[in-house]
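Participant: Okay, here's the structure, questions in a sec.
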Amino acid sequence: MAKQILVGIREQDLNEVAHYLMIYLPFNEELCSYTDNWLGELYENKYPLVSKGMWSAIIDLKTHKILNWKQEFGCLYFQAKVCDSGTYFLLDKDKKVICKIADYVPNGLIPETDDCGDYIRLRINYDGTIENWPDEPDFSDFIEGVGIVEKIDTSIEEEPILDTKVEFTYSQLMAKLLRLPKHLQMEIGRALIANASEGFEEEEDEGSL
């Protein structure tokens, strides 16, 4: 079921009852990015809040802060094209799950409001505060077409990060390689040269037969 809400919870209750929002989404470098708020440059260090191919955050709806943000991440702008691949949980003050959406982005609550359920765009300060979080959140996405249940299914459908066919153009591959540390670039270069040399030697041996 794409949308679930605990029995007894009504839309008008959510402003009072919902204290936290948990977000899970697959982090795809082609669809997700961090940009330095000050320099406007793509942030290419280890991506904050990403583990095993998944981006996850828990947001305090009262303070608009990402609770698992670290100050050393700095001030960043996070943008992700998510469409229907994310999962969103509303939690009460005791961090008990009361609502779930496994569907399009609830942009009535998550910026920006005019993104039609496709994008998440967050301007994050060094302390985890989201600058562009709405002052008057709209929880209607969690109510419309929802299924009433006695217990929320908290499972998350993760996209596989292995055994996935990935195709890159030469320029895309080189761009990714050049992001790596110099010593890794050199190691990969040596391996490619060695591999090419072996192939050349095999062709010569076959030609001499």
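The values are calculated or read from the model by the stated rules, or taken from the named source; none is laboratory data. Every value quoted in this text rests on a predicted model; they were computed, and no experiment measured them. Positions of Cβ are backbone-derived with ideal geometry, glycine not excepted, and every protein chain shown enters the neighbour counts.
Participant: Being more than 19 Å from L25 (Cβ to Cβ), assigned by TED's automatic domain parsing to the domain that holds N28 and out of contact with any Pro (no Cβ under 7 Å at 6 or more places or on another chain) is the requirement here; does E112 meet it?
Facilitator: no
Residue-wise test of (1) closer than 30 Å to D36 by Cα; (2) part of a loop (DSSP other than H, G, I, E, B).
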residue	(1), (2)
L109	yes, yes
T113	yes, yes
R121	yes, no
D135	yes, yes
I152	no, yes
I156	yes, yes
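Participant: I'd like the full set of residues that are within 18 Å of P137 (Cβ to Cβ) and in a strand (DSSP E or B), limited to the range 49-86.
Facilitator: The answer is A57, I58, I59, D60, K65, I66.
Participant: Output the residue which, of all residues in the range 109-137 that are surrounded by fewer than 16 Cβ atoms within 10 Å (Cβ to Cβ) and closer than 21 Å to D13 by Cβ, is modelled with the highest pLDDT.
Facilitator: Ranking the candidates gives P134 first.
Participant: Still on this structure, I have one more. Regarding the range 29-52, can at least one residue be identified that is within 25 Å of E150 (Cα to Cα), in contact (Cβ under 8 Å) with a residue 40 or more places away in the chain and surrounded by 13 or more Cβ atoms within 10 Å (Cβ to Cβ)?
Facilitator: No, every residue in the range 29-52 fails to be within 25 Å of E150 (Cα to Cα), in contact (Cβ under 8 Å) with a residue 40 or more places away in the chain and surrounded by 13 or more Cβ atoms within 10 Å (Cβ to Cβ).
Participant: Against the conditions (1) at pLDDT below 95; (2) touching a strand residue (DSSP E or B) at 6+ places or on another chain (Cβ under 8 Å), where does F89 fall short? Just the number, please.
Facilitator: All conditions pass for F89, except number (1).
Participant: So which residues in the range 1-16 are touching a Cys at 6+ places or on another chain (Cβ under 9 Å) and part of a helix (DSSP H, G or I), if there are any at all?
Facilitator: L14
Participant: Looking for whichever is at pLDDT below 95 and outside the structural domain of N37 (by TED's automatic domain parsing) here; the options are E157, E72. Which one fits?
Facilitator: E157
Participant: Something else about it: Between residues in the range 126-154 that are within 18 Å of V105 (Cα to Cα) and residues that are in a loop (DSSP other than H, G, I, E, B) and at pLDDT 90 or above, which pairs lie under 6 Å by C-beta distance while being six or more apart or on different chains?
Facilitator: I130/H64; N132/P111; W133/H64; P137/L109; D138/G108; S140/G108; D141/P106; D141/G108
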